[in-house]
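Let me begin by presenting the structure, written as structure tokens, before commenting on it.
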Amino acid sequence: MTTYHHGHLREALTSTAFDLARTEGPDGVVLREVARRTGVSHNAAYRHFADRDELLAQVAAMAMTQLARAMQARIDAVTEAPPGLLGWVHLAEVGRAYVEFALAEPGLFGIAFAAHRSADQPAKHGQDVETDPYAVLGRVLDELVLAGQIPPSDRSGADEACWAAVHGFSLLH
């Protein structure tokens, strides 16, 4: 147990919850336990998070950011591709990153998709490639349209089909 001393308690609680989620999954993140491991009273934790769902929403956002970064890292690692197939290679790498994240970080994967969102954190898809894996996927699909690899008429709904395929595969494994 680390003892919290001063300043940035919200960040300290979130960091502890993130570590707990990583090892225990969503069910293991209990505000009282997070406060204990951070070295503060549970009342102090409630000054920064209204309830467990608000804390889970914060940790889920962090997990989604980590997934988006893993996807982008896989895309960035592509140094060559057969002519005309770069977009397809990027799409495959996005899928691989998703599955690797799910298998390597089952606790974070579980919390990322446990739908814990507070009213001030609405669902956001396709907005920020730095923090939103769905936006990374959308950008890669847009690349395929721009390259003439898929017709614009097929772009609609492609996000959901790709996402469902890798999510289902990940859950099965």
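For E80, state whether it is of a type outside the set (V, I, T), part of a helix (DSSP H, G or I) and free of Cβ contacts under 8 Å to residues at least 24 places away in the same chain.
No.
Only one residue in P122, P106 is open to solvent by 40 Å² or more (accessible area, probe 1.4 Å), modelled with pLDDT under 90 and within 18 Å of the chain's Cα centre (by Cα), so which one is that? Quick ask: steps written out before the conclusion?
On the way: P106 fails: modelled with pLDDT under 90.
Only one candidate passes the filter, namely P122.
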ask   = Is it the case that V99 is surrounded by fewer than 19 Cβ atoms within 10 Å (Cβ to Cβ) and modelled with pLDDT of 95 or more?
value = yes
Given (1) farther than 25 Å from R155 by Cβ; (2) assigned to a helix (DSSP H, G or I); (3) free of Cβ contacts under 8 Å to residues at least 40 places away in the same chain, Q66 misses just (3)
Within the range 49-63, restricting to residues that are under 17 Å from D19 (Cα atoms) and open to solvent by 30 Å² or more (accessible area, probe 1.4 Å), the one that is farthest from the chain's Cα centre (by Cα) is R52
When restricted to V40, V89, V29, the only residue out of contact with any strand residue (DSSP E or B) (no Cβ under 9 Å at 6 or more places or on another chain), of a type in the set (A, V, I, L, M) and within 22 Å of Y134 (Cβ to Cβ) is V89
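The values are calculated or read from the model by the stated rules, or taken from the named source; none is laboratory data. A quick note: this is a predicted structure, and the numbers were derived from the prediction, not measured. Counting neighbours? That spans all protein chains shown, and the Cβs are built from the backbone with ideal geometry, glycine included. Accessible surface is based on the protein model in full, side chains and every heavy atom, while ligands, DNA and RNA are left aside. Shrake-Rupley method; radii C 1.70, N 1.55, O 1.52, S 1.80 Å.
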